[in-house]
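Trainee: Got a structure for you, questions after.
The values are calculated or read from the model by the stated rules, or taken from the named source; none is laboratory data. Predicted model only: the values in this text are computed from it and were never measured. All Cβ positions, even for glycine, are placed from backbone atoms using ideal geometry, and neighbour counts span all protein chains on display. Ligands, DNA and RNA are excluded from the accessible area calculation, which covers all protein heavy atoms including side chains. Shrake-Rupley method; radii C 1.70, N 1.55, O 1.52, S 1.80 Å.
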Amino acid sequence: MAVKTADARLEERWRDILTVHAHTMCEIDRALHPHGLGASDFEVLDILATAAPEAGDQCRVQNLVGRVHLSQSALSRLIGRLEKEGLVERSVCAEDRRGVWVALTDKGRALYAEVLPLQRAVLERMLASRAG
């Protein structure tokens with residue numbers, strides 16, 4: 001059997017990371033589907049809840065772009081869908097008319113609080129065997 005090169009080991013580790021990510025996202029999708037959410041929806045709600053923890057707090061959409069693994073256009077469509085469902089609301093930044101603010105609605109905060117334990121349980125289960 002050939003000895004693995006450093007490049008082969010590095011690539012194997014990278015593939016393992018991708019596999020864990022894909023399986024975890026699928027499990028989160030399954031857990032949240034009955035609540036009308038997917039993994040990416042949850043990520044946006046989670047970031048908004050932590051970046052803007054008080055009711056009425058807002059976050060610039062531009063600040064979400066680097067934190068969610070979606071293109072800017074896909075993120076805009078996702079936020080539009082969440083807005084249509086009444087989970088977030090968007091507003092134009094008064095100081096910079098190009099900027100857009102997004103905030104969780106009361107409905108969005110309530111749904112986030114309801115599904116947070118489900119998402120965290122999936123993370124715990126999926127990542128527990130990979131610790132260390």
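Trainee: Within the bounds of the stretch 49-65, is there any residue that is under 20 Å from residue 111 (Cα atoms), of a type in the set (Gly, Ala, Ser) and under 14 Å from the mean Cα position of the chain (by Cα)?
Mentor: yes
Trainee: Which residues, counting only those in the stretch 58-111, are touching a Cys at 6+ places or on another chain (Cβ under 8 Å) and not small (Gly, Ala, Ser)? Before you say what the answer is, go through the steps one by one.
Mentor: Of all residues in the stretch 58-111, those touching a Cys at 6+ places or on another chain (Cβ under 8 Å) come to 60, 99-103.
60, 100, 101, 102, listed by residue number.
Trainee: If a residue counts only when it is among the hydroxyl-bearing types (Ser, Thr, Tyr) and modelled with pLDDT under 95, which helices (runs of 4 or more DSSP H) contained entirely in the stretch 30-132 have at least 1 such residues? Write out each step before concluding.
Mentor: Working: elements: 39-51, 61-65, 72-84, 106-128.
Once the helices (runs of 4 or more DSSP H) in the stretch 30-132 are filtered for at least 1 residues that are among the hydroxyl-bearing types (Ser, Thr, Tyr) and modelled with pLDDT under 95, what remains is 39-51, 72-84.
Trainee: Modelled with pLDDT under 90, open to solvent by 100 Å² or more (accessible area, probe 1.4 Å) and farther than 28 Å from residue 126 by Cα - does that describe any residue in the stretch 2-11?
Mentor: Yes, that holds for at least one residue.
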